[in-house]
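What follows is a short report on a single structure.
The values are calculated or read from the model by the stated rules, or taken from the named source; none is laboratory data. Being a predicted model, the structure only gives us computed values, none of them experimental. For neighbour counting, all protein chains shown are included, and Cβ atoms are generated from backbone atoms with ideal geometry for every residue, glycine included. Protein only, heavy atoms only, side chains kept; ligands, DNA and RNA dropped before computing areas. Shrake-Rupley method; radii C 1.70, N 1.55, O 1.52, S 1.80 Å.
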Amino acid sequence: MNQPQQLPDPLTAPLEQIDFSDPRLLEQDAWRPYFARLREEDPVHYQAESPFGPFWSITRFDDIVAVDSNYEVFSSEPTIIIGDLTDDMRVEQFIAMDPPKHDVQRRAAQPVVAPQNLAQMEPLIRSRVVEILDNLPVGETFNWVDDVSINLTTQMLATLFDFPFEERSKLTYWSDMATGSPEIAGGDTSPEERIPALMDCLETFTRIWHERKGRDDGGFELISLLQRDPNTADLVDRPMEFLGNIILLIVGGNDTTRNSATAGILALNQNPAEYDKLRANHGLIPGMVSEIIRWQTPLAHMRRTAKHDVIFQGKQIKQGDKVVMWYLSGNRDESAIDNADSFIIDRANPRHHISFGFGIHRCMGNRLAEMQLRILWEEIMRRFSHVEVVGEPERVKSNFVRGYTSLPVRVHPL
Amino acid sequence: MPTITVIEHNGQDHTIEVQSGISLMENVLSNSVPGIDADCGGACACGTCHCFIAEDWSELAGTADPMEESMLGMRPDRTETSRLSCQIQVSDAMDGMVIRLPEYQM
Ligand code: HEM
Ligand code: FES
């Protein structure tokens, strides 16, 4: 199916004429009525043609949990996004592995983001947030995405890897390169730019690995942890797997947190009554952070591949079929979340959302992401009575990353 | 009503009256004992209702099925006595049971 010039009418177009993988649905923020219609009319939907081939769309919360939890049938191999891997760059990562290999690798990496380590990192992270916020240009319009969201998450990543601080913008660049190609998620990055970038990432981290190995100082950042675990001690000798895991940690902790850091500003500006609630009670911040992550759904989908024929909700899914779990849609499912379209910062059960996925692949960095955003909001509220959105946001063209390229704002100090 | 003792990681203990027929997770939450997050609401899909069953009670609490086992496998602080509290149905026979909560849920 070639993508037509204009998006079809969401309410009247026949379902078979709608391409749910069209990256413009996110770019133009037009996705809501399309997915609302699927949830209502055909929640487990087969699309016979798309630029990425045929695929199933899973759109209801409970169905997504069921697919996400069933790795025996719904495999994460060979990849977890709607597009297939390009043959020239097969990076291996545990997000795209099934047990037992997945479990072994995840177990090695997970301790670094366990909450007791995070607590140790909190003061450093806070000091970086403070510095960023204290240097914002009061009285001028600036792009929140560049000056805060990207800046902050890049610093966070550099901290996590103990990456050379002056070179940290490379991390963001590599992350963009890893997720931006058209065949993967409908973005605009060309292979000519992407492959050398990823090779540079591999070389840089290989060098860091060897330097750090020599140092052997019992450090507590990610590279040292991987080196100390017997299962991953020789990871550097398997370059595509090494690169894959590094990319996973960069992308995992980059786009997602970055776009949540922008989303909060936008959501509060669109919902002034919620902003007032927050001004009156900063204790709402932890719950609000979860609500921001739900409202934004920074990763719109994850994909699985059926390992064998299975009947799911009355539909015959065939071995080898692509099955796309639309988290974006699950988070708007009224049967799981009350007033799902509304942004409400004091929900009774704010962590009951699907943005982190569920099952054995559930986001490893979820507590880290929550902590970063909590600190950001604590410090924003200490400084500014209003972070005012003064223009329209621009959004990322992708069917995977739901994010922003710009959000013009002005800050009003207390 | 049967009672169960829940010990937080910091040692603080709570003896709560529990309702049979619903999960241990729901019982802990409805008694407002902190330390269980239960992000997935009991679907055995998040691992944030992790607890440790005191030795003498593990038999009564039963064993983890393969799905619970795979979720427990992702816990850095998993031990022999680890269970997901949403997967344990409370029964009258559990009167007096003791469980401990982990330092963190993730
Ligand atoms: C708001 C921020 C974030 C969101 C929305 C998010 C979302 C997700 C989602 C949807 C998955 C896949 C879940 C599934 O397949 O069921 C995932 C996996 C993962 N995330 Fe995150 N993530 C975020 C932040 C982070 C951070 C900060 C890190 C850094 C450590 C991270 C690291 C990972 C890793 C390593 C995986 C793979 C887990 C596995 O396959 O076992 N994420 N994340
Ligand atoms: S509540 Fe999610 S696994 Fe028990």
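Residue-wise test of (1) assigned to a strand (DSSP E or B); (2) within 14 Å of another protein chain (Cβ to nearest Cβ); (3) of a type in the set (Asp, Glu).
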residue	(1), (2), (3)
A:16	no, no, yes
A:22	no, no, yes
A:29	no, no, yes
A:35	no, no, no
A:40	no, no, yes
A:46	yes, no, no
A:51	no, no, no
A:62	no, yes, yes
A:67	no, yes, no
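Only residues that are within 13 Å of chain B (Cβ to nearest Cβ) and of a type in the set (Lys, Arg): list them for the range A:107-130, please. Please lay out each step first, then the result.
Within the range A:107-130, the subset within 13 Å of chain B (Cβ to nearest Cβ) is A:107-120.
Residue satisfying the conditions is A:107 alone.
Can residue A:380 be described as more than 16 Å from ligand 2 (Cβ to nearest atom) and touching a residue at least 40 places away in the same chain (Cβ under 8 Å)? Please lay out each step first, then the result.
Working: more than 16 Å from ligand 2 (Cβ to nearest atom): yes; touching a residue at least 40 places away in the same chain (Cβ under 8 Å): yes.
The answer is yes for residue A:380.
Within the range A:103-125, not a single residue is touching a strand residue (DSSP E or B) at 6+ places or on another chain (Cβ under 8 Å) and open to solvent by 50 Å² or more (accessible area, probe 1.4 Å). Among the residues of the range A:337-361, those identified as within 16 Å of ligand 2 (Cβ to nearest atom), more than 8 Å from chain B (Cβ to nearest Cβ) and of a type in the set (Gly, Ala, Ser) are A:348, A:355, A:357.
A count restricted to the range B:30-64 and to residues that are more than 12 Å from chain A (Cβ to nearest Cβ) and among the acidic types (Asp, Glu) stands at 3. Sub-8 Å Cβ pairs linking a first residue in the range B:43-67 that is more than 14 Å from ligand 2 (Cβ to nearest atom) to a second residue that is in a helix (DSSP H, G or I) and open to solvent by 10 Å² or more (accessible area, probe 1.4 Å), at least 6 apart or interchain, are B:53/B:61; B:60/B:93, ordered by first then second residue.
Between A:136, A:160, the distinction of being over 22 Å from residue A:248 (Cα atoms) and of a type in the set (A, V, I, L, M) belongs to A:136 only. Scanning the range A:267-290 for residues being away from ligand 1 (no atom under 12 Å from the Cβ), closer than 27 Å to residue A:325 by Cβ and either within 14 Å of chain B (Cβ to nearest Cβ) or open to solvent by less than 10 Å² (accessible area, probe 1.4 Å) (or both) gives a total of 4.
Determine, yes or no, whether residue A:112 is aliphatic (A, V, I, L, M) and in contact with a helix residue (DSSP H, G or I) (Cβ under 6 Å, 6 or more places away or on another chain).
yes
Residue-level check: of (1) open to solvent by less than 50 Å² (accessible area, probe 1.4 Å); (2) without any contact (Cβ under 8 Å) to a residue 12 or more places away in the chain, residue A:347 misses just (2). For the range A:244-264, the criterion of being more than 13 Å from ligand 1 (Cβ to nearest atom) and open to solvent by less than 60 Å² (accessible area, probe 1.4 Å) is met by no residue. Highlighted here are the helices (runs of 4 or more DSSP H) found entirely within chain B that include at least 2 residues which are among the aliphatic types (A, V, I, L, M) and surrounded by fewer than 21 Cβ atoms within 10 Å (Cβ to Cβ): B:66-72.
Out of A:373, A:328, A:299, report the one residue that is within 11 Å of ligand 1 (Cβ to nearest atom) and open to solvent by 20 Å² or more (accessible area, probe 1.4 Å).
Numbers: A:373 fails: open to solvent by 20 Å² or more (accessible area, probe 1.4 Å); A:328 fails: open to solvent by 20 Å² or more (accessible area, probe 1.4 Å).
A:299 is the lone residue from the list that is within 11 Å of ligand 1 (Cβ to nearest atom) and open to solvent by 20 Å² or more (accessible area, probe 1.4 Å).
Out of A:261, A:273, one residue alone is out of contact with any helix residue (DSSP H, G or I) (no Cβ under 6 Å at 6 or more places or on another chain), among the aliphatic types (A, V, I, L, M) and assigned to a helix (DSSP H, G or I). It is A:273. Taking the conditions exactly as written (more than 16 Å from ligand 2 (Cβ to nearest atom), away from every other protein chain (no Cβ under 13 Å) and surrounded by fewer than 17 Cβ atoms within 10 Å (Cβ to Cβ)), does residue A:79 satisfy them or not? Judged against the criteria, residue A:79 is not a match.
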